Every structure is written in C-alpha cells, then in structure tokens.
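Any read-out appearing in this document is the output of simple, stated calculations on the displayed coordinates, not a laboratory observation. Remember, predicted model here, so these are calculated numbers, not experimental data. Note: ideal-geometry Cβ built from the backbone for every residue, glycine included; neighbour counts use all protein chains shown.
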Amino acid sequence: MSREFLLPDLGEGLTEAEIVAWLVAPGDTIAIDQAVVEVESAKSIVELPSPYGGVVASLFGEPGQVIHAGQVLLTVTDATDDASAGVVDVPDAAATVVAVEGSGAVLVGYGTTESTRPARKVAAGRFGTPRAADAPAPAASTPPVAVALAERPAEVAASVSAAIDSSSTVDPIRHSPVVSPIVRRLARENGFDASALAGSGHDGLVLRSDVEEHIRALTAPAVAVDVAVEVAVDVGIATPPSTVDAASADIRIPITGLRKVVSQRLTTSRREIPEATIWLDVDATALFTARDQLLAATDERFSVTALIARFVVAGLRRYPVLNSSVDTASQEILQHGAINLGIAAQTSRGLMVPVIHRAHAMSTRQLRDALAALVAQSPDGTFSPSALTGGTFTLNNFGSLGVDGSAAIINHPEAAILGIGRMIERPWVVEHALAVRTVVELSMVFDHRVCDGGTAAGFLTYVAGCIENPVSLLADL
C-alpha cells in the first residue's frame, strides 16, 4: 500500500517552503518520525519527519524547488509488500522495525514515537559522502564559448577547453558541507552545486567566497575567447565578435522565502503606521566606565548593547504604552504586559529579528546571556520559528554597520523601535569646556497613533539619562 507524505502546515501562516536537501533516496527503508527532508521556510530551516514507515517509493521536487502546503513530498510503500513483489530487497531484521501507522508528526521532536527514530546514517546525511553511484550528477552547463566554437578547428577548441578547464573546481563526486542557504542558492542560480566545490572553511565548509570565486572562474569565457581568437588568427580562421558582456548582464533575483516575508512586513508597516522619528546625541563615556567596573567587580563581561537593553526594558516599564500594538479591526491599542524584546540581526539569510521573551523578568546577567545566545546564532540565522515571533519592541544596533543613525522602519505590528548608532570619540562640552567624549546617537521611531511626541521623547531621554549616568537606574530597580 502506498502512502503520500504531504508538506504540513509549518505554522505562523507559512504556506510554502524551499527544499534544501533530501535526507533519503528512493529505495531507502525509513521508520516513523525519521527525518526525510530539510526545507527552508521564511522563518527557519527545519527537518521534516515522515509520519509513515516503509520504503521510499519516489521523491517529488528537487533541492531549490519551492513547494506549497498540501503538496506531495514523497510516497512510502509497505516494506513487506515491496519485498514480496521483488521491488526492493529488505532484510527481515529491518522489516521488523518498520511501522506503517502514521504518527501525525509535523516537525522534528513533535512525533509520538520518538524512540523508534533511528540515527541518521552519516553517508546519507547532509554532510555525508555519498557513494559514487548514488551521488547526484549536477546539471552539466556548457560554457557559451564552448558552444560557440564547438564546430571550429581542433586547435581553437583545444585552446578554449584548456582555458575553461583550468578554472574549474567542480567535482561531481565531492560532497562538501554547505550550511548557508544563501550560498546554496547563489550556486544554483549560476548553474552548479555548491557541495561539489572544495570548501575553504573549517572541515571543508563551502563559504560564499568559494562560490563567488568559482562564479568568477565561470565568467572567464572572455579569457577563453581571447585565446581562441589568437589561435584562430594563427591558423587563419575568422572569428565572430563577442556579443555578450557577462559583467554588464542584468541579474534577476526572485523575492522569495525570508526576503518575501520581510518585504511584506515592511510594506505593511509603511502603509499602515503613521510613524515619527526623533533622535538624540548622548555622551556614553560613563557607560563604558560602568562596563569596566562591572568586569572588575564580577569578573564577567557585559556588552554595551546588553546594558542598553537593560535601560530599554526599564524605560518601557516607565512608558508602557510604547510596548503596544494597534488592533486595526477593533480600533484599540493593545498594551502588552510582557516585554518581549526583539533584537535586529543581520544574518546570512537577511535581516531577522529574534526575540528575547519576558525580558522584563530577567536580571541584567540573564538578559546579557540571552542576548549573547542570539548573537551566536546570528551568522547562520538558525533561529527556531518561536524565537522569531511575539516581539513587542525592537532594539536595533546599526552602529555595528558603521553608521551614526537611521530612520528605521517599525517592525509591524509593534509600536516603536530604538536604534543605536556607532560610538565614536567627539568633541563635547563638559562644564563649559571642550573635552573628548564617547558619543552615540539614539534614533527613536514610534507609531503616532499610540502616543504623542512627549511620551516618545520622555522614553528616549530616560534611556539617554541611563547611558550618561548608569547609576541613576538604581532608583528603578
């Protein structure tokens, strides 16, 4: 009996996902809740377990293909049926552990029969080394120069082939680890599989620089054409002029996945929220002094961003209306009791806002640790879906990008966002005399439906006061 495994509802209104990698192949025997495919939604990358056990009959979709909820991912047949029909030779020992009842599992860890899920085989894993016979053969892309000169004399063809082959580093048998979906997509868009490259990262990890370097090598046809022209001149053959300039060719980048969700959310924010922006230059010299004193007193490091996050939480307690959202259907301002602090992060998947839930109930040390955990995950953007939802206020440290300020877009449906610019030494007036101080610009964007400028300015000056004199926060603890 054949069973169809459909792409399940991934939650949070997500209706589509991109296939990143298959973890099984046709003919493999799987158990209930065994991870069979890795998909990337707009929120995160997850492994999907099969709700059925048996033998994989067929797979639907290739890595890089976008599928929608309800579409068939794979079909599974009863192992005993296939064995009796002579389709797949399944050993009796393996057949005895294969269940055929559905578990209803949606994501890894949510199944009802976790103990039956076998460990993933290294050879079949995402970073495993498949057998040569099982290795997927990447689509062969014939360089334009080779096509154009295919019927030319042997001297020209040999020169062109030598020029092209000298820059090729793709090995169809190789299966290097590729963590970043951006790197995989960039390689696919240029006609090759990133895992076929020799990665320069740790343990052979393929980096974006490796893919970009190979793309540059692929665009070396211009060099090959020059070689071919030189040989053609030598043998007295006329060659047509090159009509394609790869460097000036337009590139179409589809708006999909996370970029699509970010685009929709920012567009909604601009369309619905009547925002206003205020900013303030702040002397942060005392903040750095307080950080050093904390290190000396506790032998623990506290980042400046973590300390400012502490001030922001205290400020939202004093001005709670900024910790709100607007319910347009009921025409009400929903003031949230819990402070779920979003931290804007630039990741390999694009701009993401992971959330520190219940930040108001955390000590400064706990808040620091929660922020450090988010920072550690930021490079790859490997946040769980739950970590990207429920935010009530966003803190954006765009100073790390080297800019002083920004009129940021509010993270809909929140009511405000606070930006931190770069901290640099500037001339500053202290007690009627010029001095060199560490100065930072704070930028505050707020929803004018929720509050007026007086409330927003009160919050901003409160946070600024805590930065200029951190001891003042003690009065509110």
Dipole of the stretch 257-476 (Lys/Arg Cβ +1, Asp/Glu Cβ -1, origin at the Cα centre): which of Ala376, Ser303, Thr277 lies farthest to the positive side? Ala376
Sites Ser248 and Val66 - FRET efficiency at Förster radius 25 Å, r taken between beta-carbons, to 0.05: 0.25
Given axes a ≥ b ≥ c from the Cα gyration tensor, I'd like to know whether the stretch 372-477 is rounded (a/c under 1.5), prolate (a/b larger than b/c) or oblate. prolate
With a point put 7 Å past each Cα toward its Cβ, work out how far Ala433 is from Thr389 in nm, to one decimal. 5.9
Expressed in nm to one decimal, what extension gain is obtained for the pair Ala276 and Thr382 from 0.36 nm per residue of sequence separation less their Cα-Cα distance? 34.9 nm
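Would you kindly state how much longer the chain becomes between Ala25 and Asp171 on full extension, computed as 0.36 nm times their sequence separation minus their alpha carbon distance, in nm to one decimal?
On the way: separation 146, 0.36 × 146 = 52.56 nm, distance 2.10 nm.
Extra length available between Ala25 and Asp171 comes to 50.5 nm.
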Virtual spin-label span in nm between Ala217 and Val471, 7 Å along Cα→Cβ: 6.2
Listed with the fewest Cβ neighbours within 10 Å leading, Met1, Met362 appear as Met1, Met362
Prolate/oblate/rounded label for the stretch 279-338 (Cα gyration tensor, a/c 1.5): prolate
Residues of the stretch 371-408 with amide nitrogen under 18 Å from the 7 Å Cα-to-Cβ point of Ala329? 390
Simple SL model, points at 7 angstrom along Cα→Cβ for Glu300 and Leu205; separation in nm is 2.8
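Treating only the Cβ of Lys, Arg, Asp and Glu as charged (+1, +1, -1, -1), what charge dipole size does the stretch 334-456 show about its Cα centre? Round to the nearest 20 debye.
Details: 8 positive and 9 negative charges, 49 e Å.
Value, rounded to 20: 240 debye.
So which GluC sites (Glu not before Pro) in the stretch 385-477 end up in coil per DSSP with only 13 or fewer other C-beta atoms within 10 Å?
Values: sites: Glu414, Glu425, Glu431, Glu441, Glu468; in loops: Glu431.
Counting only loop positions with at most 13 other Cβ atoms within 10 Å, the GluC sites (Glu not before Pro) in the stretch 385-477 are Glu431.
Please state, to two decimals, what the Cα-based radius of gyration of the stretch 257-476 comes to when divided by 2.2 N^0.38 Å (N = residues).
Numbers: Rg = 17.2 Å, N = 220, 2.2 N^0.38 = 17.1 Å.
So the Cα radius of gyration is 1.00 times the expected 2.2 N^0.38 Å.
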Would you mind pulling out the separation of the Cα centroids of the stretch 320-361 and the stretch 277-293, in Å? 24
